[in-house]
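Asker: Take a look at the following structure, please.
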Amino acid sequence: MSFNLDTLVRPNIKSLKPYASARHEFEGEASVFLDANENPFGSPLATAADYNRYPDPLQLSLKAAITQIKGVPTQNIFIGNGSDEAIDLAYRIFCEPGIDNVIICPPTYGMYEVSAAINNVAVKKVLLTQHFQLDVPAILAAADVNTKLLFICSPNNPTANSLDRKAVTELIQKFAGLVIVDEAYINFSTQQSFIRELTEYPNLLVMQTLSKAWGLAALRLGLAFASTDIINLFNKVKPPYNVNQASQELALSALQNLTQVNEWIRVLTEERAMLTRLLGSFEFVKKVYPSEANFLLLKVDDATLLYDYLKHHGVVVRNRSKEPLCDECLRISIGTPAENLELIQLLNNYA
């Protein structure tokens, strides 16, 4: 099956005339800005930043910094208000409400399904295998002429494992719609990112985030990498100023600290190995699944009982028992060494 972007895009999006902000229309240098009805006096904040002015709608300085780290040209980068904005835009650009459908592979990130419901798009669920891997024949069999998107999360949330690269590649090659590979946890994985394959596959969109390894969850900055044609569609549909000035500035500053981020990744992966070993020693823990993320999935005797015990002692984890294939499973994020020690001490008392 061949990929055709023109037929994939909703007709109303193709004909859409996007909102043109004042900053979109102006090019060059200026000293007097009388175009956007802003407060000319500044803001009451105790800072020298020009927060009275609207931010760069295309975040070009931030994209340039990301290009230096990721090696992807700025025209192939979309920055959203969290990865959730990129997910929502994919539905609005490619899926006709009440007609089209998408495929997800549970257990997986919940916003794929929530965003589908918000946009009135049907969801086809093809479960992962018992080993938490993609069922390629079943996925391809589930697709029809109205299947526009396929969501693949790798490393996967909540199972923590990376999905088989050959299986993902086969799906990109054979699926006629857009394949969205969500790499939110790629910094903690030994697997290579799919952003290197962008020039080879026009139907590939790769999502990453600054929320996890980069520690900027509060700023809500999601990244999407794709062909220029797809990125242009995202920029066409997004709100004009979807990423605020403060987030852009703070992210720019954070991106200068790659050494610190790499050190955090090193410590987290060491703590992940330690927790895997220690958690596996408890009799009430039936299995600690292999992880290539900054969290662990473990099967226990009674997930609700253990969840309530930890919550009672001020430690919040995630009960994933209601997810397919995750019966009696908890998801536990890797904390600081002190937080991880507190967790183990509590579990010693629980045992």
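Asker: Taking 41 Å as R0, compute the FRET efficiency from the Cβ-Cβ separation of Val315 and Gln75 and round it to 0.05.
Answerer: According to the calculation, E is roughly 0.35.
Asker: In whole angstrom, note down how far apart the Cα centers of region 268-294 and region 313-351 are.
Answerer: So the two Cα centres are separated by 10 Å.
Asker: What does the charge add up to near Ile77, with Lys and Arg as +1, Asp and Glu as -1, over the other residues with Cβ less than 9 Å from its Cβ?
Answerer: Surrounding charge for Ile77 is +2.
Asker: I would also like to ask the following. Take every Cα-Cα pair in the chain and report what % of them are more than 31 Å apart. Can you show the working numbers first?
Answerer: Details: 24769 of 61425 pairs.
The share of Cα pairs beyond 31 Å in the chain comes to 40 percent.
Asker: Might you report the magnitude of the Cβ-based charge dipole of the chain about its Cα centre, with Lys and Arg at +1 and Asp and Glu at -1, to the nearest 20 debye? Before the final figure, lay out each step's value.
Answerer: Values: 30 positive and 37 negative charges, 79 e Å.
Magnitude of the dipole: close to 380 debye.
Asker: Work through the residues other than Thr7 whose Cβ is under 15 Å from its Cβ and net out their charges, Lys, Arg +1 and Asp, Glu -1.
Answerer: -2
Asker: What is the spin-label model distance, in nm, from Ser281 to His131 if the labels are put 7 Å beyond Cα along the C-beta direction?
Answerer: It works out to 3.0 nm between the two label points.
Asker: Semi-axes of the equivalent ellipsoid for region 35-134, please: Cα gyration tensor eigenvalues, times 5, square-rooted, ordered largest first, whole Å.
Answerer: 37, 19, 13
Asker: At what distance in angstrom do the alpha carbon centres of region 193-247 and region 1-18 lie from each other?
Answerer: Using only Cα atoms to place each centre, the spacing works out to 19 Å.
Asker: Same structure, new question: Charges at C-beta only: +1 for Lys and Arg, -1 for Asp and Glu. How large is the resulting dipole of region 259-350 about its Cα centre, in Debye rounded to 20? Numbers along the way, then the final one.
Answerer: Values: 11 positive and 13 negative charges, 35 e Å.
Magnitude of the dipole: close to 160 debye.
Asker: Moving on. Rounded to the nearest 0.05, what FRET efficiency do Asn232 and Tyr350 have when you use their Cβ-Cβ distance and R0 = 41 Å? Intermediate values should be presented prior to the final figure.
Answerer: Details: r = 54 Å, r/R0 = 1.31.
The pair Asn232/Tyr350 has a calculated efficiency of 0.15.
Asker: Please count, across region 14-167, the pairs of lysine residues with Cα atoms under 29 Å apart that sit 8 or more places apart or on different chains.
Answerer: Lysine pair count for region 14-167: 14.
Asker: Quick one: of the DSSP bridges fully inside the chain, what percent are antiparallel, nearest 5?
Answerer: 55
Asker: Under 18 Å from the 7 Å Cα→Cβ point of Asn257, by amide nitrogen: which residues of region 202-219?
Answerer: Label zone hits: 209-219.
Asker: Could you compute how fast region 259-350 diffuses translationally, taking Rh as the Kirkwood radius over C-alpha pairs and applying Stokes-Einstein at 10 °C with viscosity 1.306 mPa s? Give it in µm² per second.
Answerer: D, rounded to a whole number, is 118 µm²/s.
Asker: Let me ask something additional. Can you give the convex hull volume per residue for the Cα atoms of region 136-277, as a whole number of Å³?
Answerer: 140
Asker: Figure the gain on full extension for Leu16 and Thr67 (residue separation times 0.36 nm, minus the Cα-Cα span) and round it to one decimal in nm.
Answerer: 15.5 nm
Read-outs: derived from the displayed coordinates by stated rules, not from any lab. This one's a predicted model, so the numbers in the text were calculated from it and none came from an experiment. Note that we place each Cβ from the backbone using ideal geometry, even for glycine, and neighbour counts take in every protein chain shown.
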